[in-house]
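Structure first, commentary second.
The values are calculated or read from the model by the stated rules, or taken from the named source; none is laboratory data. Computed from a predicted model, the values in this text were never measured in an experiment. Positions of Cβ are backbone-derived with ideal geometry, glycine not excepted, and every protein chain shown enters the neighbour counts. To get the accessible areas, we keep the full protein, side chains included, count just its heavy atoms, and leave off ligands, DNA and RNA. Shrake-Rupley method; radii C 1.70, N 1.55, O 1.52, S 1.80 Å.
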Amino acid sequence: MKRVIIFGNSGSGKSTLARQLAENYGLAHLDLDLIAWLPQTPPERTPLKQASGEISRFINKHDAWVIEGCYSDLLEMAMYKASQIIFLNLPIDDCVTNARNRPWEPHKYASKAEQDSNLSMLVDWIKQYQSRRDTFSLAAHQALFDEFTGKKTMISSNQ
């Protein structure tokens with residue numbers, strides 16, 4: 001039974017890989033972007049207790065799944081149930097290129113124009129991946145990868 005967690009920088013290909021795995025293996029798919037933020041402007045993180053409940057409900061509802069995101073604090077809540085993790089540790093320039101070429105994500109944005117209006121902010125954020133020390137950082141992702149004792153893979157190129 002596959003229970004896969006995929007994480008990495010924004011633009012690393014998490015959603016694309018998760019969709020492929022979900023389609024190829026019949027896995028339920030949870031994009032943590034959908035539960036990490038409250039539906040309001042300006043954006044605010046969902047309280048961890050609430051997000052934890054949503055993750056637990058997802059895991060308990062599905063025997064086989066893929067969960068993807070950049071939120072180490074949320075990913076930790078599912079790691080104990082994962083059979084495998086995949087760390088997409090691509091070069092920053094590749095993540096920026098992927099973000100610039102990202103197709104419209106209708107489950108996140110009302111239009112492609114709305115999505116693209118955030119692009120410059122996203123590119124700046126992607127470029128800070130190695131220097132940040134938050135739940136979205138390279139350091140946090142590396143710690144998740146290092147601490148996991150099951151099957152794990154690090155991918156460092158778009159190939």
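Table for the structure above
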| quantity | calculated |
| --- | --- |
| Under 15 Å, Cβ to Cβ, from Ser120 - net charge with Lys/Arg +1 and Asp/Glu -1 | 0 |
| Lysines whose Cα lies under 30 Å from that of Lys2, excluding same-chain neighbours fewer than 8 positions away | Lys14, Lys49, Lys61, Lys81, Lys108, Lys151, Lys152 |
| Among (1) 15.0, 42; (2) 15.3, 54; (3) 19.2, 60, the entry that matches Rg and Dmax of the Cα atoms in Å as calculated here | (1) |
| Net dipole in debye of region 36-159 [+1 Lys, Arg Cβ; -1 Asp, Glu Cβ; about Cα centre; nearest 20] | 160 |
| Residue-count net charge about Gly150 - beta-carbon cut-off 11 Å; Lys, Arg +1, Asp, Glu -1 | +3 |
| Theoretical gain in end-to-end length, Glu23 to Lys2 [0.36 nm per residue, Cα-Cα removed] | 6.3 nm |
| Cα lying deepest toward the dipole's positive end in the chain, options Met77, Pro43, Ile92, charges on Cβ | Met77 |
| Accessible surface of the chain, 1.4 Å probe, proportion on carbon and sulfur as whole % | 51 |
| For the chain, built as a Gaussian network whose Cα springs stay under 10 Å, the top-fluctuating residue of Gln115, Gln128, Gln40 | Gln40 |
| For the chain, share of DSSP beta bridges that run antiparallel, in % to the nearest 5 | 5 |
